[in-house]
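Here is the structure we will look at, set down as structure tokens.
The values are calculated or read from the model by the stated rules, or taken from the named source; none is laboratory data. None of these values were measured; they are calculated from a predicted model. Cβ coordinates were reconstructed from backbone atoms using ideal geometry, including for glycine residues, and neighbour counts include every protein chain displayed.
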Amino acid sequence: MAVLVSVLQLAVSLSVFPVYLLHFLGLWNWICKRFFPYFMVRFTESYNKEMAAKKQELFSSLQQFAGPSGRLTLMEIGCGTGANFKFYPEGCRVTCIDPNPNFEKFLISSIAQSRHLHFDRFLVASGEDMHHIADNSMDAVVCTLVLCSVQNQEKFLKEVHRVLRPGGAFYFMEHVAAEPSTWNFFWQQVLHPTWFLIFDGCHLTRESWRALEAASFSKLHLQHLQAPLSWKIVRPHILGYAMK
Ligand SMILES: C[S@@+](CC[C@H](N)C(=O)[O-])C[C@H]1O[C@@H](n2cnc3c(N)ncnc32)[C@H](O)[C@@H]1O
């Protein structure tokens, strides 16, 4: 089976040979970082349509984590185009972080459409190093479709834990590896190297639930599901929240 996976990986790579060539020449990363936000605008439209009910259900409990003033202080890591803003509660204070500055113009447009929120700031930074954010300063931290792309999940989750106030919550919705021995897992393995290159460092076969289970949260509410998505390859999902 491993040989078949390797042969098919090679076939897929050859079908997008120019991308590999650009990568080899050191140009692909520059191109990808600029064009990925345009792809995400389109992708978010269909993802949010197909996952609207799941997102509404997940984020409906956010407000319970608001501080004594009743106002929720939330940070979204890997905010991308601002796909989750419409699901946040009225009056919520939002800080956004993303390492790709090319998302900013799309973010500004989403912010303009989100009058129910108060935006504190947008930081260009990776989740593994959020030293600009004070310890225990957030009621909630959110990330969706981000754990698949971060370089170091353990470091990332340590930082999330640090910035959350005691009793605060980390909300996540992530695509993950399919069950081993399924056709979906087989195709995830075949597509992985090319997918990683084209979709800005996204891993198709990550078992992100393991990092969440190993992190030092006090409670973890985690659900595995087959998301109702037209892209079958990313249907295996986890969602839920972890409390500090
Ligand atoms: C697939 S997009 C998802 C965007 C958005 N969260 C959504 O649900 O539409 C992945 C996002 O994670 C960001 N990202 C990648 N590595 C990251 C890291 N180490 N820390 C924080 N964000 C990261 C990317 O720049 C991109 O915005």
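Only residues that are aromatic (Phe, Trp, Tyr) and away from the ligand (no atom under 13 Å from the Cβ) were counted across region 149-170, and they come to 1. Find the residue count for region 121-143, including only residues that are in contact with a Cys (Cβ under 9 Å, 6 or more places away or on another chain), modelled with pLDDT of 95 or more and either closer than 21 Å to His175 by Cα or loosely packed, with under 14 Cβ neighbours inside 10 Å (or both). Summing the residues that are in contact with a Cys (Cβ under 9 Å, 6 or more places away or on another chain), modelled with pLDDT of 95 or more and either closer than 21 Å to His175 by Cα or loosely packed, with under 14 Cβ neighbours inside 10 Å (or both) in region 121-143 gives 4.
Whenever a residue of region 18-42 is touching a residue at least 12 places away in the same chain (Cβ under 8 Å), its partners that are among the hydroxyl-bearing types (Ser, Thr, Tyr), lying with C-beta atoms within less than 8 angstrom and at least six residues away or across chains, give the pairs Val19/Thr194; Tyr20/Ser13; Pro37/Thr81; Met40/Thr81; Val41/Thr81. Look at (1) away from the ligand (no atom under 16 Å from the Cβ); (2) surrounded by 20 or more Cβ atoms within 10 Å (Cβ to Cβ); (3) of a type in the set (A, V, I, L, M) and you find that Ala214 fails only one, number (2).
Conditions (1) surrounded by fewer than 18 Cβ atoms within 10 Å (Cβ to Cβ); (2) in contact with a helix residue (DSSP H, G or I) (Cβ under 7 Å, 6 or more places away or on another chain), marked per residue:
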{"site": "Glu159", "(1), (2)": "no, no"}
{"site": "Ala178", "(1), (2)": "no, yes"}
{"site": "Phe185", "(1), (2)": "yes, no"}
{"site": "His192", "(1), (2)": "no, no"}
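Within region 191-199, none of the residues are assigned to a loop (DSSP other than H, G, I, E, B) and closer than 27 Å to Leu72 by Cβ. The residues in region 52-110 that are modelled with pLDDT under 95 and within 19 Å of His175 (Cβ to Cβ) can be counted, and the count is 0.
Within region 54-95, the residues that satisfy the criterion of being crowded, with 22+ Cβ neighbours inside 10 Å, more than 10 Å from the ligand (Cβ to nearest atom) and assigned to a strand (DSSP E or B) are Leu74, Met75, Val94, Thr95. For Leu204, the conditions (1) within 30 Å of Met243 (Cα to Cα); (2) surrounded by fewer than 18 Cβ atoms within 10 Å (Cβ to Cβ); (3) within 13 Å of the ligand (Cβ to nearest atom) all hold with the exception of (2). Restricting region 121-148 to residues that are without any contact (Cβ under 8 Å) to a residue 40 or more places away in the chain and part of a strand (DSSP E or B), the residue that is farthest from the ligand (Cβ to nearest atom) is Arg121.
Only one of (1) free of Cβ contacts under 8 Å to residues at least 60 places away in the same chain; (2) within 26 Å of His203 (Cα to Cα); (3) of a type outside the set (A, V, I, L, M, F, W, C) is not met by Asn102, so which one is it? Failing condition for Asn102: (1).
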